[in-house]
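Working notes, structure below.
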Amino acid sequence: MRALPGLMGPRAPLLPLLLLCLLAAARPSLADGHPSASPFTTPPVREETMAKYSNLSLESHNISLTEHSNMPVEKNITLERPSNIKLICQFTTSGDLNSVNVTWRKDDEILETNYLNATGSILYTQYMFTIVNSKQMGSYSCVFGEKKEQRGTFNFKVPELHGKNKPLINYVGDSVVLKCKCQDCFPLNWTWYSSNGSVQVPVDVQMNDKYVINGKNANETRLKIMQLSEEDRGSYWCHAIFQLGESEEHIELVVLSYLVPLKAFLAIAAEVVLLVAIILLCEMYTQKKKEHSDDGKEFEQIEQLKLDDSNGIENNAPRHRKNEAVGQ
């Protein structure tokens, strides 16, 4: 059928251009024969935003999943400064790859899948974005939905601080140094807080001369407390501020008076004295019992001797009479 002159003729060249636009807008999964996934929300950072932050370093991380995975797979990632992020998940299945639905989520928000590809029995998905502030930190998950949902999660967090795990024990009048350190990281700022309950109070070195805050390196901080008193005991928190968030660690301080070890010594001494007294009483009781036993034996011997003597006299009397009769 021929086009009408003056109407369809000028519009005809636009058809190939329109088809090209439709093909360019099609999802990569459709081009590879994969079904379209559920509707996605707008990604947190678009390609133009990534181009804007092209000078940032690229962090690439991946997770491998299989259809037989029983538990979700998680990977913890420490991030100190803004970076471009590439997350890759691969899913191995013996079933039909076309039946696997793939989505990306940040917490409960659905994100757009940047890239989807299949090689053999392995399905690859990729999500690229840029983290420039604390709101973009958190958990990013790739979810493969088939008969059973399989999930891989990337947890982004700022560096952890390291302090003293065990309580610091000191005595009244002494000085103590509390130390916090960040391994291979450099916070923008350090702050110390004290807590003797549920409320944290900033340590003010300007108003109180007993506190001194310093640090040999940028990745550590030290709080020196002089002339300790029992009121100084409690929890102390070191707080670090990074470009992408904040982190803190707590140290427990125990302040004892010198009477505490003295009380312990007196208690031990009392136990020793009591034990010695019990031993002496037992020995005295044993000795008395032995003496009574010896006295009883001696009494029996005396009675036996008396009995023997009386028996001897009785035996000698008839013999003496017999001798007198023989003499007459």
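The values are calculated or read from the model by the stated rules, or taken from the named source; none is laboratory data. Being a predicted model, the structure only gives us computed values, none of them experimental. Backbone-built Cβ (ideal geometry, glycine too); neighbour counts: all protein chains shown. These area figures cover heavy atoms from the full protein model, side chains too; ligands, DNA and RNA do not enter into them. Shrake-Rupley method; radii C 1.70, N 1.55, O 1.52, S 1.80 Å.
Give the residues of segment 205-248 that are open to solvent by less than 50 Å² (accessible area, probe 1.4 Å), acidic (Asp, Glu) and under 21 Å from the mean Cα position of the chain (by Cα), sorted by residue number.
Within segment 205-248, Glu220 is the sole residue that qualifies.
Which of the residues spanning segment 159-177 are on the phi < 0 side of the Ramachandran plot and in contact with a Ser or Thr (Cβ under 9 Å, 6 or more places away or on another chain)? So that I can check it myself, show each step before the final result.
Step one: filter segment 159-177 for residues on the phi < 0 side of the Ramachandran plot, giving 159-172, 174-177.
Across segment 159-177, the qualifying residues are Pro159, Glu160, Leu161, Tyr171, Val172.
Here is a check on your reading of the model: is Ile110 surrounded by fewer than 16 Cβ atoms within 10 Å (Cβ to Cβ) and part of a strand (DSSP E or B)? I'd like the intermediate steps shown before the answer.
Values: surrounded by fewer than 16 Cβ atoms within 10 Å (Cβ to Cβ): yes; part of a strand (DSSP E or B): yes.
Here the answer is yes, as Ile110 does meet what is asked.
Report the residue count in segment 76-91 for those that are among the charged types (D, E, K, R) and either open to solvent by 70 Å² or more (accessible area, probe 1.4 Å) or at positive phi (or both). Talk me through it step by step, then tell me what you get.
Kept after step one, since they are among the charged types (D, E, K, R), are these residues of segment 76-91: 80-81, 86.
Cutting the leftovers down to either open to solvent by 70 Å² or more (accessible area, probe 1.4 Å) or at positive phi (or both) gives us 81.
The number of residues fulfilling the criteria is 1.
With (1) over 30 Å from Arg222 (Cβ atoms); (2) at pLDDT 90 or above as the list, and Leu262 as the residue in question, which single condition is left unmet?
(2)
Looking at segment 189-204 only, could you name the residues that are of a type in the set (A, V, I, L, M) and open to solvent by 80 Å² or more (accessible area, probe 1.4 Å)? Outline the logic, then answer.
In the first step, residues of segment 189-204 are kept if they are of a type in the set (A, V, I, L, M); the result is 199, 201, 203.
Residue satisfying the conditions is Val199 alone.
Quickly run through segment 65-84 and pick out the residues that are of a type in the set (Ser, Thr, Tyr) and either closer than 17 Å to Ile122 by Cα or in a loop (DSSP other than H, G, I, E, B) (or both). Steps first, please.
Here is the first cut: in segment 65-84, the residues of a type in the set (Ser, Thr, Tyr) are 66, 69, 78, 83.
Residues satisfying the conditions are Thr66, Ser69.
Is at least one residue of segment 116-125 at pLDDT 90 or above, assigned to a strand (DSSP E or B), in contact with a strand residue (DSSP E or B) (Cβ under 7 Å, 6 or more places away or on another chain) and open to solvent by less than 20 Å² (accessible area, probe 1.4 Å)?
Initial filter on segment 116-125 (at pLDDT 90 or above): 122-125.
Those left that are additionally assigned to a strand (DSSP E or B): 122-125.
Still in the list and also in contact with a strand residue (DSSP E or B) (Cβ under 7 Å, 6 or more places away or on another chain): 122-125.
Within this subset, residues satisfying the condition of being open to solvent by less than 20 Å² (accessible area, probe 1.4 Å) are 123, 125.
Yes, because at least one residue in segment 116-125 is at pLDDT 90 or above, assigned to a strand (DSSP E or B), in contact with a strand residue (DSSP E or B) (Cβ under 7 Å, 6 or more places away or on another chain) and open to solvent by less than 20 Å² (accessible area, probe 1.4 Å).
So, in segment 228-278, exactly how many residues are within 20 Å of Pro167 (Cβ to Cβ) and among the polar types (S, T, N, Q)?
Filtering segment 228-278 down to residues within 20 Å of Pro167 (Cβ to Cβ) leaves 228-239, 248-261, 263-264.
From what is left, the residues that are among the polar types (S, T, N, Q) are 229, 235, 257.
Residues meeting the conditions: 3.
Any residue that is open to solvent by 30 Å² or more (accessible area, probe 1.4 Å) and within 30 Å of Pro82 (Cβ to Cβ) - is there at least one of those in segment 265-273? I'd like the intermediate steps shown before the answer.
Within segment 265-273, the subset open to solvent by 30 Å² or more (accessible area, probe 1.4 Å) is 265-273.
Those still in the list that are within 30 Å of Pro82 (Cβ to Cβ) too: none.
Scanning segment 265-273, I find no residue that is open to solvent by 30 Å² or more (accessible area, probe 1.4 Å) and within 30 Å of Pro82 (Cβ to Cβ), so the answer is no.
Which residues, taken from segment 156-170, are open to solvent by less than 70 Å² (accessible area, probe 1.4 Å) and modelled with pLDDT of 90 or more? Give the derivation first.
Narrowing segment 156-170 to residues open to solvent by less than 70 Å² (accessible area, probe 1.4 Å): 156, 158-159, 161, 163, 168, 170.
Matches in segment 156-170: Phe156, Val158, Pro159, Leu161, Leu168, Asn170.
Answer yes if at least one residue in segment 88-102 is part of a strand (DSSP E or B), of a type in the set (Asp, Glu) and at pLDDT 80 or above, and no otherwise. Write out each step before concluding.
Taking segment 88-102 and keeping what is part of a strand (DSSP E or B), we get 88-92, 101-102.
Narrowing further to those that are of a type in the set (Asp, Glu): none.
No, there is no match, as no residue in segment 88-102 is part of a strand (DSSP E or B), of a type in the set (Asp, Glu) and at pLDDT 80 or above.
Can you pull out every residue in segment 247-279 that is touching a Lys or Arg at 6+ places or on another chain (Cβ under 9 Å) and of a type in the set (A, V, I, L, M)?
Correct list: Ile251, Leu253, Val254, Val255, Leu256.
May I ask you to list pairs of residues, at least six apart or on different chains, whose Cβ atoms are under 6 Å apart, with the first in segment 233-247 being closer than 11 Å to Leu188 by Cα and touching a residue at least 24 places away in the same chain (Cβ under 8 Å) and the second being open to solvent by 50 Å² or more (accessible area, probe 1.4 Å) and small (Gly, Ala, Ser)?
Leu244/Ser134; Gly245/Ser134
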